[in-house]
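J.: This is the structure I have questions about; it appears just below.
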Amino acid sequence: MFQVGDKIVHPMHGAGVIDSIVSKKVNGVVRDYYILKLPVGGMLVMIPTANTEEIGVRPVVDRAEADRLIAAMPDIQVDMTQNWNRRYRENMLRIKSGDLMEVARVVKGLMLRDGDRGLSTGERKMLHSAKQILISELVLSQDSSYEDMERRVNIAMS
């Protein structure tokens, strides 16, 4: 169980800080929820406390792990299928895995593809959200600004 003030990651929304834990009645059932405040855009996400494990909620990686990930970004190998539909599904599974290296792989693959051929609207949205998920966690683990971390990621990915 997480506490108020803990830095955690939701696989599909990115990293944030637990602002509070509240009880809410949803569909006639009272449940406890973490109120996760995301640093990007100040969005609030309600996460049922009982489902965190199956959703894939986890603590933010520590500074050393974040440093290793950033250092490994230039060497990430991407092998994306030519079939748009399959590529989209594979990338979505990588993002949902909650594994930061897999999210970085999606970001790098889509950035490279964007440089070569451009992206469809769906893949452009995916790149944007995957980048936010990646950067939001790195920002919290490194105590950095979003802009500074985005610049570091862009340099490491090129």
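The values are calculated or read from the model by the stated rules, or taken from the named source; none is laboratory data. Since the structure is predicted, the reported quantities are computational estimates derived from the model, not experimental observations. In this analysis, Cβ positions are derived from the backbone assuming ideal geometry, glycine residues included, and neighbour counts consider all displayed protein chains. These area figures cover heavy atoms from the full protein model, side chains too; ligands, DNA and RNA do not enter into them. Shrake-Rupley method; radii C 1.70, N 1.55, O 1.52, S 1.80 Å.
J.: Select from the range 74-123 the residues that are in a helix (DSSP H, G or I) and touching a Phe, Trp or Tyr at 6+ places or on another chain (Cβ under 9 Å) and write down the one among them that is farthest from A156 (Cα to Cα).
T.: G122
J.: Here's another thing I want to ask about it. Give just the number: which of (1) of a type in the set (A, V, I, L, M, F, W, C); (2) open to solvent by less than 80 Å² (accessible area, probe 1.4 Å); (3) out of contact with any strand residue (DSSP E or B) (no Cβ under 6 Å at 6 or more places or on another chain); (4) touching a residue at least 24 places away in the same chain (Cβ under 8 Å) does V26 not satisfy?
T.: All conditions pass for V26, except number (4).
J.: Which pairs do you get when a residue that is closer than 19 Å to E65 by Cα, found in the range 94-114, comes within reach of a residue that is among the polar types (S, T, N, Q), reach meaning Cβ atoms under 6 angstrom, with the pair 6+ apart or on two chains?
T.: Final answer for the pair search is V106/N91.
J.: What are the residues in the range 66-102 that are charged (D, E, K, R) and either in contact with a helix residue (DSSP H, G or I) (Cβ under 6 Å, 6 or more places away or on another chain) or open to solvent by less than 80 Å² (accessible area, probe 1.4 Å) (or both), if any?
T.: D67, R87, E90, R94, D99, E102, listed by residue number.
J.: Here's something else I'd like to know. Which condition breaks for L140 when tested against (1) assigned to a helix (DSSP H, G or I); (2) at pLDDT below 95; (3) touching a helix residue (DSSP H, G or I) at 6+ places or on another chain (Cβ under 8 Å)?
T.: (3)
J.: Name the pairs whose Cβ atoms lie under 7 Å apart, with the first residue in the range 147-158 and farther than 15 Å from E137 by Cα, the second among the charged types (D, E, K, R), and 6 or more positions between them or separate chains?
T.: M157/K108
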